[in-house]
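Worksheet: the structure to be examined is printed underneath.
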Ligand code: PGA
């Protein structure tokens, strides 16, 4: 079971140091990946938690002010990197083509991309969600070899579910995970979107899920601890 913690743009330095202390104390009975803000990556390593990033540059290196490259992430011990989160697609105008470039650069450096895909509410309501997901899979993983496809992780995150407390039914999640696994039979698939310590028992009934990507819950170590306890039982 893989649990990725997406801190997003949260925590000041003091808050992060305190948070790290608390993370040190929680149960680590699953593979945990911490994705802090880039500025904390240098001191974010917690025992038994792998280091991840929230984004990477689509360029190799050079005159790209403000960007952080895959090689730089690797040199800081980063093993995983979230790519194509819906917030980046929406607010930073990231395209599937950009995401595909990032995925390739990460794989070249031996970093595992956690590629986020998911539909908007309207797309689900108009029954085009499977089409949307399939397009994202094809474009984000374009020209990858089968071996490379097995190395990436896909996070299915319905956009309408992120941070809203709304969650698809188990049937709806399972349907999408099965579509992903139809195209990528040996690729791990996470679910993300309002997963928490209260709904994990129900989510656990979806046996095709390989783990979870947590946003809000990642910032609450006590509740995260309860979540992790329930994930294993
Ligand atoms: P959430 O966010 O758990 O707060 O819904 C998940 C995510 O955006 O990765």
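Things worth noting here:
- Mean sequence separation of contacting Cα pairs (under 8 Å, at least six apart), scaled by the length of the chain, corresponds to a relative contact order of 20 percent.
- With both residues required to sit in segment 2-232, DSSP beta bridges show an antiparallel share near 5%.
- Kirkwood analysis of the Cα pair distances in the chain returns a hydrodynamic radius of 17.8 Å.
- Contact order normalised by residue count of segment 1-139, Cα under 8 Å, 6+ apart, percent: 18
- Centroid-to-centroid separation of segment 15-76 and segment 84-115 [C-alpha atoms, Å]: 16
- Over segment 116-169, relative contact order from alpha-carbon pairs under 8 Å, at least 6 apart, %: 51
- Subtracting the Cα-Cα distance of residue 128 and residue 206 from their residue separation scaled by 0.36 nm leaves 25.8 nm.
- Mean projected area (nm²) of the alpha-carbon convex hull when segment 25-88 is viewed from all directions: 5.1
- Quarter the surface of the alpha carbon convex hull of segment 59-153 and you get the mean projected area, 6.6 square nanometres.
- Exposure proxy ranking, count of Cβ atoms within 10 Å, fewest first, for 75, 218: 75, 218
- The chain: calculated mean residue ellipticity at 222 nm from DSSP helix runs of at least 4, using -39500 (n - 2.57): -11000 deg cm²/dmol
Where a number appears in this text, it was derived from the coordinates with a stated rule and is not lab data. All of these numbers come straight from a predicted model, not from anything done at the bench. In this analysis, Cβ positions are derived from the backbone assuming ideal geometry, glycine residues included, and neighbour counts consider all displayed protein chains.
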